[in-house]
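A short write-up of the structure that comes next.
The values are calculated or read from the model by the stated rules, or taken from the named source; none is laboratory data. On a predicted model such as this, the values are computed, not experimentally measured, just so you know. Quick reminder, even Gly has a Cβ in these numbers, built from the backbone with ideal geometry, and neighbours come from all protein chains shown.
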Amino acid sequence: MAAEIEGPTDELAMKINEGFRINWMNMRDARVGKVLWEQQWPEDWKTQETVASIPKEVMKCREVSRELNFSSAEPIDKFTMIQRVFVHEVCTEEWNFDFGFVIPGSTNSWQSTIEAADEQDMLEPEMLSGNVLIETSFLNGDTLINKSVVRIFYV
């Protein structure tokens, strides 16, 4: 099943979603800290697929640090993020991240490090470009706040 955009279904989650914003995201070579890519997030990310043009250089890193900057008008008791990576519409990876409590009216940065698979298992950026979708579910505990989709192009 391909990645899909989805909104909240309960009243509290709708209220949280209304005041929840992704401001920007970046990726760094985690071993040296060099920023390889950074993007301001579009206003329509909650309803439309977002496109990210990421330098091929990222694919050569053994470890990539990803930083997500977000704001929330409402408190979030147990902020969790689940990411599913789809390659040619097949889910190939799933990652779970727990942030915890989010203070109302706050702006936060969330950084995580991802270690690359063995080089022999890696596909070429040209094969992946435009064929990778990252579906991110933002949750308050088990309740969906928002599910968004980013299509990756390697440049």
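The rows are residues; the columns are (1) charged (D, E, K, R); (2) surrounded by 14 or more Cβ atoms within 10 Å (Cβ to Cβ).
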position	(1), (2)
Glu115	yes, no
Met127	no, no
Asn131	no, yes
Ile134	no, yes
Ile152	no, yes
Pairs returned, first residue in the range 1-12 that is on the phi < 0 side of the Ramachandran plot, second residue that is at pLDDT below 90 and part of a loop (DSSP other than H, G, I, E, B), beta-carbon separation under 7 angstrom, 6 or more apart or interchain, are none
Matching residues in the range 1-48 (part of a loop (DSSP other than H, G, I, E, B), surrounded by 18 or more Cβ atoms within 10 Å (Cβ to Cβ) and among the small types (Gly, Ala, Ser)) number 2
Filter the range 49-64 for residues that are in a strand (DSSP E or B) and either surrounded by fewer than 16 Cβ atoms within 10 Å (Cβ to Cβ) or without any contact (Cβ under 8 Å) to a residue 12 or more places away in the chain (or both); the one that is farthest from the chain's Cα centre (by Cα) is Glu63
